[in-house]
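The values are calculated or read from the model by the stated rules, or taken from the named source; none is laboratory data. As the structure is a computational prediction, the values presented were derived from the model and not from experiment. Virtual Cβ from ideal backbone geometry, glycine too; neighbours counted across all protein chains shown. The area values use the complete protein model at the heavy-atom level, side chains included, leaving out ligands, DNA and RNA. Shrake-Rupley method; radii C 1.70, N 1.55, O 1.52, S 1.80 Å.
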Amino acid sequence: MAIRIPGVTHARQIFRQSKYFANQVSSDSVPKGYCTVYVGEIQKKRFVIPISFLNQPSFQELLSKAEEEFGFNYPMGGLTIPCREEIFIDLTSRLGGL
């Protein structure tokens, strides 16, 4: 019997739909336990983050915003989060201490 966590299930759905995650990630480009996201409102910057961030409520808000804006069609070919880079860095800095 498996335990389902709604936030993690939602994040998995997003990654399964992403062309980048499904087709373009090789085992040597991103360390195991991490994933790549593109962040920015106009110009996108690539970040590699721990997968553990995906089930944090504050990160789930960003994923919902990305889903609203892009659906499952990511313009960068990978998970794209439409927020200012400073906000993303602040959030991930706080999550990094968990």
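Things to note:
- Within the option set GLY96, GLY78, GLY33, being at pLDDT 65 or above, at positive phi and not acidic (Asp, Glu) holds for one residue only, GLY33.
- Subset of the stretch 26-58 (residues that are part of a strand (DSSP E or B) and of a type outside the set (Ser, Thr, Tyr)): CYS35, VAL37, VAL39, LYS45, ARG46, PHE47, VAL48, ILE49, PRO50
- Contact map, the stretch 29-54: residues that are open to solvent by 70 Å² or more (accessible area, probe 1.4 Å) paired with residues that are of a type in the set (S, T, N, Q) and assigned to a strand (DSSP E or B), Cβ distance under 7 Å, separation 6+ or inter-chain. Pairs shown: ARG46/THR36.
- Only a single criterion out of (1) at pLDDT below 85; (2) acidic (Asp, Glu); (3) under 18 Å from ASP90 (Cβ atoms) is not satisfied by GLU61, namely (1).
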